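The values are calculated or read from the model by the stated rules, or taken from the named source; none is laboratory data. Fair warning: this is a prediction, and the values are worked out from it, not measured in the lab. Counting neighbours? That spans all protein chains shown, and the Cβs are built from the backbone with ideal geometry, glycine included. For the accessible areas, the whole protein counts, side chains as well, though only heavy atoms, and no ligand, DNA or RNA atoms are used. Shrake-Rupley method; radii C 1.70, N 1.55, O 1.52, S 1.80 Å.
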Amino acid sequence: MKYANIKYYDIANGLGVRTSLFVSGCTHRCSGCFNEIAWDFNYGTEFTEETIKTLLDSCRPSYIAGLSLLGGEPMEPSNQRALLPLVRQFKEQYPGKTIWCYTGYTYETDLVNSDGAAHCEATEPLLQCIDILVDGKFEQDLYDISLKFRGSRNQRILQLQKPGCPELYPSG
């Protein structure tokens, strides 16, 4: 896997101050995407053990609330496989901090359904580490600047580590 960017001290992609990893590779190609350059799976820098160490070290300060995964598309199966060691190590080192993940895939249809478009052997263990999942493709005609932590009204913010996965900020 390659990644397009790492943002340290990010306050736009989840609650609190976070480290955000923007992975490369996305097959959705949403019209109006803010990060079109990251659609290419070969764009950016190789994701290595050193990258994981750098990300984990950046989350050490007490004022860092957690890690955010964006793209590109973190839930592309090849990216899921590469991200799983990172999220497992993160949860082991920082059990009180959160992982947010932004995906164009839909939770019920594409991820947890064994026949889903993005479901693979890494999906379930990855989802078990993700606290907040923002799901749904960006829809330019549903763009709404007033929404918290998402770009279009169809996207949902799901709290995965609570029973029933309620939406934190309902879509619509």
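Among residues belonging to region 1-45 that are charged (D, E, K, R) and more than 15 Å from the chain's Cα centre (by Cα), point out the one that is modelled with the highest pLDDT. Please lay out each step first, then the result.
Step one: of region 1-45, the residues charged (D, E, K, R) are 2, 7, 10, 18, 29, 36, 40.
Okay, now just the ones that are also more than 15 Å from the chain's Cα centre (by Cα), so 29, 36, 40.
Numbers: ARG29: 84, GLU36: 76, ASP40: 92.
Checked region 1-45; the qualifying residue modelled with the highest pLDDT is ASP40.
Residues of region 61-79 being more than 15 Å from PHE138 (Cβ to Cβ) and either within 14 Å of the chain's Cα centre (by Cα) or hydroxyl-bearing (Ser, Thr, Tyr) (or both), which ones?
SER62, TYR63, GLY66, LEU67, SER68, LEU69, GLU76, PRO77, SER78, ASN79
With the requirement that a residue be within 19 Å of ALA117 (Cβ to Cβ) and part of a strand (DSSP E or B), what does region 1-31 give you?
Selection gives VAL23 alone.
Could you check region 100-127 and list, in sequence order, the residues that are more than 15 Å from the chain's Cα centre (by Cα) and open to solvent by less than 50 Å² (accessible area, probe 1.4 Å)?
GLY116, CYS120
Looking at this structure, is PHE34 in a loop (DSSP other than H, G, I, E, B), open to solvent by 90 Å² or more (accessible area, probe 1.4 Å) and of a type in the set (A, V, I, L, M, F, W, C)?
Values: in a loop (DSSP other than H, G, I, E, B): yes; open to solvent by 90 Å² or more (accessible area, probe 1.4 Å): yes; of a type in the set (A, V, I, L, M, F, W, C): yes.
In short, yes.
For region 128-158, what are the residues that are assigned to a helix (DSSP H, G or I) and surrounded by 20 or more Cβ atoms within 10 Å (Cβ to Cβ)? Break it down stepwise before answering.
Of the residues in region 128-158, the ones assigned to a helix (DSSP H, G or I) are 128-129, 140-142.
Residue satisfying the conditions is CYS129 alone.
Can you confirm whether region 63-78 contains a residue that is surrounded by fewer than 17 Cβ atoms within 10 Å (Cβ to Cβ), in contact with a helix residue (DSSP H, G or I) (Cβ under 9 Å, 6 or more places away or on another chain) and either part of a strand (DSSP E or B) or at pLDDT below 95 (or both)? Even if it seems obvious, please write down each step before you answer.
Pass one, region 63-78, residues surrounded by fewer than 17 Cβ atoms within 10 Å (Cβ to Cβ): 63, 77-78.
Retained after the next criterion (residues that are in contact with a helix residue (DSSP H, G or I) (Cβ under 9 Å, 6 or more places away or on another chain)): 77.
From what is left, the residues that are either part of a strand (DSSP E or B) or at pLDDT below 95 (or both) are none.
The answer is no, given that none of the residues of region 63-78 is surrounded by fewer than 17 Cβ atoms within 10 Å (Cβ to Cβ), in contact with a helix residue (DSSP H, G or I) (Cβ under 9 Å, 6 or more places away or on another chain) and either part of a strand (DSSP E or B) or at pLDDT below 95 (or both).
Quick one: how many residues across region 43-56 are open to solvent by less than 60 Å² (accessible area, probe 1.4 Å) and farther than 19 Å from ARG29 by Cβ? Step through it out loud before you land on a result.
Filtering region 43-56 down to residues open to solvent by less than 60 Å² (accessible area, probe 1.4 Å) leaves 44, 47-48, 51-52, 54-56.
Now restrict to residues that are farther than 19 Å from ARG29 by Cβ: 47-48, 51-52, 54-56.
Going through region 43-56 one residue at a time, the tally reaches 7.
In region 79-99, is there at least one residue being assigned to a strand (DSSP E or B), within 25 Å of PHE47 (Cβ to Cβ), of a type outside the set (Asp, Glu) and open to solvent by 20 Å² or more (accessible area, probe 1.4 Å)? Lay out the reasoning, then the answer.
Residues of region 79-99 assigned to a strand (DSSP E or B): 98-99.
Applying the additional criterion that residues be within 25 Å of PHE47 (Cβ to Cβ) yields 98-99.
Of the ones still in play, those that are also of a type outside the set (Asp, Glu) are 98-99.
Going one step further and asking which of them are open to solvent by 20 Å² or more (accessible area, probe 1.4 Å), we end up with 98.
Yes, region 79-99 contains at least one residue that is assigned to a strand (DSSP E or B), within 25 Å of PHE47 (Cβ to Cβ), of a type outside the set (Asp, Glu) and open to solvent by 20 Å² or more (accessible area, probe 1.4 Å).
Could you list, ordered by first residue, the pairs with Cβ atoms under 6 Å in which the first is in region 2-26 and charged (D, E, K, R) and surrounded by fewer than 24 Cβ atoms within 10 Å (Cβ to Cβ) and the second is modelled with pLDDT of 95 or more and not in a strand (DSSP E or B), at least 6 apart or interchain?
Close Cβ pairs (under 6 Å, with a partner that is modelled with pLDDT of 95 or more and not in a strand (DSSP E or B)) amount to LYS2/SER24; LYS2/GLY44.
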